[in-house]
1. If I go through the range 1-18 residue by residue, how many of them are buried (at least 17 other Cβ atoms within 10 Å of the Cβ) and under 21 Å from residue 81 (Cβ atoms)?
2. So is residue 71 within 17 Å of residue 89 (Cα to Cα) and part of a helix (DSSP H, G or I) or not?
3. Hey, among 55, 60, which residue is modelled with pLDDT of 90 or more and surrounded by 13 or more Cβ atoms within 10 Å (Cβ to Cβ)?
4. I'd like to check something: does the range 52-61 contain any residue that is part of a helix (DSSP H, G or I), closer than 18 Å to residue 86 by Cα and touching a residue at least 40 places away in the same chain (Cβ under 8 Å)?
5. Please work out if residue 36 is more than 15 Å from residue 13 (Cα to Cα) and either within 14 Å of the chain's Cα centre (by Cα) or not in a helix (DSSP H, G or I) (or both).
6. Is it fair to say residue 59 is within 25 Å of residue 11 (Cβ to Cβ) and under 17 Å from the mean Cα position of the chain (by Cα)?
7. Residues being touching a residue at least 24 places away in the same chain (Cβ under 8 Å) and either in contact with a strand residue (DSSP E or B) (Cβ under 6 Å, 6 or more places away or on another chain) or surrounded by 15 or more Cβ atoms within 10 Å (Cβ to Cβ) (or both): count how many of those fall in the range 82-113.
C-alpha cells in the first residue's frame, strides 16, 4: 500500500475498529503522524503559540489519537490479536515496547478471526 493510499484509508476508516490493517498501512500512517506533528510544533513556534501551550500540536494530537486507536486496533487484528491490547500503552516503557513488537508482527495469511486479509493496494 502506498503512502497516499494508506493515509486516505486511515481517514476513511477513522471510527472503524473492525477488520484489518496491513503493516504498510500502519507504518505509512505512523510516518504521516510524525511529519504532521513536527509541522504543527514548528508552526506553534513560528506563530508564537508555543508560549500558550503549543495549541496546534495539542489539536493535532487529539485528532491523531482517535485515528491511531482505530488503525492500531485493525493492525493488531491483522496479526490475529485483540485490539484491546492497546491498553498496554498504560504500562510505562514496557507497554509501548510490547506494542511495537506486536505492530511489527507479520500479517496472518488469509482469513483470520477478524476477517479477510487487509487490503494491500
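1. 5
2. yes
3. None of the others qualify; the one that does is 60.
4. No - not one qualifying residue is present in the range 52-61.
5. Spelling it out, residue 36 is indeed more than 15 Å from residue 13 (Cα to Cα) and either within 14 Å of the chain's Cα centre (by Cα) or not in a helix (DSSP H, G or I) (or both).
6. Yes, satisfied.
7. 7
The values are calculated or read from the model by the stated rules, or taken from the named source; none is laboratory data. Since the model is a prediction, treat every value here as computed from it, not as a measurement. Every residue, glycine as well, gets a Cβ built from its backbone with ideal geometry; the counts of neighbours run over all protein chains shown.
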